[in-house]
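*Asks:* If you scroll down you'll find the structure; I have some questions about it.
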Amino acid sequence: MYEQWIVDVRHTDPAVRYEAAQKLGASSDGRAADPLIGLLADTNAKVQYAAFSGLIKLRAEQAALPMVNMLTADFNSRVWDLLKLNIGLRLRMGLLELVQFGDQAVVDRVLHAIDTQTMDEAQHAYLIRLLGKAGATDRVHMLIDLLGGSSEALQTASAEALGWLKDARAIEPLIGLTGDYRDTLREVAVEALGRIGDVSAFDAMLAALNDPNEWVRRAAIVGLAELGDRRAVEPLADRLQDESTLVQDAAFEAIQKFSYGTYNTLM
């Protein structure tokens, strides 16, 4: 059947190409990546979307740059319209997972798009996340500046990107966001501090254990577990009695890490 699908991706009927793309994506066959990458340039948006989805299913890391190229070639495409819907969340997250830290080709392509093309706020925010995942370490100051902007979408994306970049210069600006009035922004700021993993953020993450939002408290627990400072054990144990089962479960897992892992005790 694989051979027939390869034939079908060149069929004149887009419905046949679409079905072939779906089957290749569901095949778990690594050979399917190259023909699906070829379909990213198809003239039919449904075929493009099926190819994009299939590459995510295959976890084809070599497809990251071609997929970014496709998205940044046309910000008014039907594929973008679909990606911005809730049903596109899996694909947006999937591409972020495919992008490897240090992929300078992705960084260059994204930066060129940001500098030269017109896009909406959601698209801009997604490209900012791609910069973080691809390791745009020379754009830390730009991302920090966006943290202080007026767009919540860009602030949130920049906080996430800075967490992936793990640059200590972002710690103080991110700590500043842990007191923001918006739940989502506080959550991503705490998550980013946890990813950076610097002990200078310990007090801020500890304070976030008492945040009124359960997702922020959960983010603080996860971050403190990653930080590994044993001063957090007792406050984490207190969260076992949290009103939120989400927080209780996170606290239980964090304490297990302290019980079985090797962490530093800082005085």
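*Asks:* What does the highest-first list of 14-23, 207-216 look like by mean Cβ count within 10 Å?
*Replies:* Final packing ranking: 14-23, 207-216.
*Asks:* In nm, what is the difference between 0.36 nm times the number of residues separating ASN69 and GLU121 and their Cα-Cα distance?
*Replies:* Length difference between fully extended and current span is 16.8 nm.
*Asks:* To the nearest Å, what is the center-to-center distance of the stretch 232-260 and the stretch 163-190, using C-alpha atoms only?
*Replies:* Between the Cα centres of the stretch 232-260 and the stretch 163-190 lies a distance of 22 Å.
*Asks:* Does anyone have the angle between helix 64-73 and the longest principal axis of the chain? Alpha-carbon axes, 0 to 90°, nearest 10?
*Replies:* 70 degrees
*Asks:* List the lysines whose alpha-carbon lies under 17 Å from that of LYS46, not counting same-chain residues fewer than 8 positions away?
*Replies:* Of all the lysines, those that pass the test against LYS46 - Cα under 17 Å, at least 8 places apart if same chain - are LYS23, LYS57, LYS84.
*Asks:* Could you calculate the FRET efficiency of THR184 with GLU3 from 1/(1 + (r/R0)^6), where r is the beta carbon distance between them and R0 is 45 Å, rounded to 0.05?
*Replies:* Using R0 = 45 Å, I get an efficiency of 0.40.
*Asks:* Considering the Cα trace of the stretch 109-267, what is its radius of gyration and what is Dmax, both in angstroms?
*Replies:* Just the Cα atoms of the stretch 109-267 yield Rg and Dmax of 16.3, 52 Å.
*Asks:* I want to check the label-to-label distance for SER77 and SER259. Put each point 7 Å from Cα in the C-beta direction and report it in nm to one decimal.
*Replies:* A separation of 4.9 nm, rounded to one decimal place.
*Asks:* Let me know the shape class of the stretch 1-47, please: from the alpha-carbon gyration tensor, a ≥ b ≥ c as square roots of the eigenvalues, rounded when a/c is under 1.5, otherwise prolate if a/b is greater than b/c, or oblate.
*Replies:* Judged from the Cα gyration tensor, the stretch 1-47 comes out prolate (a/c at least 1.5, a/b above b/c).
*Asks:* At 7 Å along Cα-to-Cβ for each site, give me the label-to-label distance between ARG31 and MET142 in nm.
*Replies:* 4.1 nm
*Asks:* Now for a different question. Using per-residue counts of other Cβ atoms within 10 Å, averaged over each peptide, order 126-136, 84-94 from highest down.
*Replies:* Per-residue Cβ counts within 10 Å, averaged per peptide and sorted highest first, yield 126-136, 84-94.
*Asks:* So if we plug the beta-carbon distance of THR12 and PHE101 into 1/(1 + (r/R0)^6) with R0 = 45 Å, what FRET efficiency do we get, rounded to 0.05?
*Replies:* Result of the calculation: an efficiency of 0.65.
*Asks:* If you don't mind, another one. Between the alpha-carbon centers of the stretch 202-216 and the stretch 28-59, tell me the distance in whole angstrom.
*Replies:* Result: 42 Å between the Cα centres.
*Asks:* Which of the peptides 186-192, 66-72 is most tightly packed, and how do the rest follow, going by the mean number of other Cβ atoms within 10 Å of each residue?
*Replies:* Per-residue mean Cβ counts within 10 Å order the peptides as 186-192, 66-72.
Bear in mind these aren't lab numbers, they're just calculated from the coordinates by the rules spelled out. Keep in mind it's a predicted model, so treat the numbers as computed, not measured. Don't worry about glycine lacking a Cβ; one is built from the backbone with ideal geometry, like all the others, and counts go over all protein chains shown.
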